[in-house]
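Written below as structure tokens is the structure these notes are about.
We did not get these values from a lab; they are worked out from the coordinates using the rules stated. The model shown is predicted, which means the values in this text are computed figures rather than measured ones. Cβ placement follows ideal geometry from the backbone for every residue including glycine, while neighbour counts extend to all protein chains displayed.
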Amino acid sequence: MYKTYLFKSKLKMAKKDNFSILFLSGDFTYNRGDRGNMASAVKLLKKRFPKAQISALSYNPEKDEKWIPVKMIPTGLKGTMKQLIAIAKADIIIWGGGGPIQDNASWVKPPYWVLKLFLVRLLGCRIMAWAQGVGPIERKVSMKLAKIAFRMTDVITVRNDFSIRNLKRIGVTKIPYFKTADPAFCLQPSNPEVGRGILNRIKKGKNKICIGVAVCFCSFHYRKNDIIPYMIAKPLGLRNNRVSEREIYFIKNMSKFLDKLINKFNVDIVLLPTYLAPWEKDIEKTKEIISLMKNKDNVSFLDKDNTSPEDYLSLIGQFDYFIGTPMHSTIFSTCMNVPTINIAYEPKCIDYFRDMLEMEEYLYDINRLIKDDWKELLNIFEKLMKNKLEIKDKLIKKTDAFKKKVLENVDILETTFFGENYKK
């Protein structure tokens, strides 16, 4: 069993046949990618530990419990006491997935997690950093705080080489860490008929070829010097709507690109807003893209947040091709063997397409689109169409390997907290 380095005498030992897990994870209430990640993680754990009691912190417990069958604990100040009780009762805390330790959207995230994990340790819980994306972390103080946070864990799993490099960079040496894979790879789609039904309901155009396009706008209002992250400050009324010049150009040039795509290749487009929190306004900004287009009759979008993670994956499987900005959207499309282009907005996207899939030729820097350089993106799409069958074969082999790596997250949890001889 791995050693833990802080609060050794206070730690609980989970019972083999009946223990509890609490997720401290990403924004799965509003983010389609995090939602799929969470749904998959819960199913994997329930399959391995059918008697385990699993709960998670949620922005909207009633809504999330419909799609992810675990007990949801309300976040925010009003739910503080319920959160403390849930932490105190938990045997194992799963911290992640997603990317909690970053300082590109606010400098307060690293100190926030140090304080939260310190509280968790004081209450005697064991902690696993679960399939995380570590970074970007740029400030020296952030790196020191991140190191402290990870030292309060028993074991760390990360989802890519970028995260391994960041763990080494911040000096994490005393806690064992492993590269596994994002649980989103193991999300299972619902029946293909469900996806076809959703597509038939929303699709407007009559062309044979249909392209899914996942868009996300949260990165445009990231500010490294923010004290309070935008996603917290905006709902509290502490921040006005933040619209950057980069976002304006992205919307304008995305509309141009999609128009050219329709004209040149006779395709229909279905836009998929990703971050559905009211303060993010992904749906409104998606409508803005469509409003600037000439070929509006060939463009539709998923305008309501009433699709389960499994149904969403089934829908993605209906597309002939896929273009995605968020990393999880491209994980979903590639797992469904849909030829995909990633418009990369963060290092995690580059790591996935260049290093994991080895498909760098279908990777496109978002800054090129913002700078009105969308013509090369048309050439990349033409290449995608030409190599469709070859790409599908490659995706089957690659994503099957990633699915096996996902299971190592559960293996490592089992070994860390119950030892090699734990009997299921």
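May I ask for the angle, rounded to the nearest 10°, between helix 140-151 and the longest principal axis of the chain, with both axes built from Cα atoms and the value confined to 0 to 90°?
The angle comes out at about 60 degrees.
For a quick check, take a GNM of the chain with Cα springs below 10 Å and name the residue from 413, 123, 77 with the largest mean-square fluctuation.
Comparing 413, 123, 77 in the GNM, the peak value goes to 77.
When Lys and Arg each count +1 and Asp and Glu each count -1, what net charge do the other residues less than 11 Å away from residue 30, Cβ to Cβ, add up to? Show your work: numbers first, answer last.
On the way: positive: 32, 35, 63; negative: 27, 34, 64, 280, 282, 305.
Net charge around residue 30: -3.
How much length is gained on full extension from residue 361 to residue 88, taking 0.36 nm per residue of separation minus their Cα-Cα distance?
Details: separation 273, 0.36 × 273 = 98.28 nm, distance 4.89 nm.
Length difference between fully extended and current span is 93.4 nm.
By counting other Cβ atoms within 10 Å of each Cβ, how are 115, 57 ranked from fewest to most?
The most exposed by this proxy come first: 115, 57.
Which ³J(HN,Hα) values in Hz, rounded to whole numbers, follow from the phi angles of region 397-413 under the Karplus curve 6.51 cos²θ - 1.76 cosθ + 1.60, where θ = phi - 60° and Gly and Pro get x?
With coefficients 6.51, -1.76 and 1.60, one gets 5, 5, 5, 4, 5, 5, 4, 5, 5, 4, 4, 5, 4, 6, 4, 5, 4 Hz.
Going by average Cβ neighbours within 10 Å, how do the peptides 28-38, 341-351 rank, with the highest at the top?
28-38, 341-351
Considering amide H positions built from the backbone, and no H for Pro or chain starts, which residues 5 or more places from residue 158, or on another chain, come under 5 Å of its amide H?
The answer is 131, 132, 178, 179, 180.
For the pairs 203/294; 43/63; 252/392; 260/386; 147/174, flag any whose C-alpha to C-alpha distance is greater than 21 Å.
Details: 203/294 17 Å; 43/63 18 Å; 252/392 31 Å; 260/386 18 Å; 147/174 10 Å.
Too far apart for the 21 Å limit: 252/392.
For Cα extents along the principal axes in Å, the choices are (i) 67, 45, 39; (ii) 108, 43, 43; (iii) 71, 58, 37; which was calculated from the structure?
(i)
Taking neighbour counts of Cβ atoms within 10 Å as a proxy for exposure, in what order, fewest first, do 103, 355 appear?
Working: 103 23, 355 12.
Least to most surrounded, the residues fall as 355, 103.
Relative contact order for region 192-386: what percent, with Cα pairs under 8 Å and sequence separation of 6 or more?
On the way: 296 pairs, mean separation 53.3, N = 195.
For region 192-386, the relative contact order is 27 percent.
How much mean residue ellipticity at 222 nm does the chain get from its helices, if each DSSP H run of length 4 or more adds -39500 (n - 2.57) and you divide by all residues, to the nearest 500 deg cm²/dmol? Each step should come with its number before you reach the end.
Details: 16 runs with 185 residues, N = 424.
Per the formula, -13500 deg cm²/dmol.
Can you quote the Å³ per residue value for the convex hull of the Cα atoms in region 192-386, rounded to an integer? Present the calculation step by step, with values, prior to reporting the outcome.
On the way: hull volume 23.6 nm³, N = 195.
Here the figure is 121 Å³ per residue.
Rounded to the nearest 0.05, what FRET efficiency do residue 196 and residue 414 have when you use their Cβ-Cβ distance and R0 = 51 Å?
Working: r = 38 Å, r/R0 = 0.75.
Efficiency for this residue pair is about 0.85.
Along the Cα→Cβ direction, 7 angstrom out, place labels at residue 108 and residue 378. What is the inter-label distance in nm?
A separation of 4.6 nm, rounded to one decimal place.
Residue-wise, which Karplus ³J(HN,Hα) couplings in Hz belong to region 209-215, taking 6.51 cos²θ - 1.76 cosθ + 1.60, θ = phi - 60°, and x for glycine or proline?
8, 10, 10, x, 10, 8, 10
Post the alpha-carbon centroid distance, region 363-414 to region 91-157, in whole angstrom.
28
For the chain, what is the relative contact order in percent, using Cα pairs closer than 8 Å and at least 6 residues apart in sequence? Before the final figure, lay out the partial values.
Details: 807 pairs, mean separation 74.8, N = 424.
The value is 18 percent.
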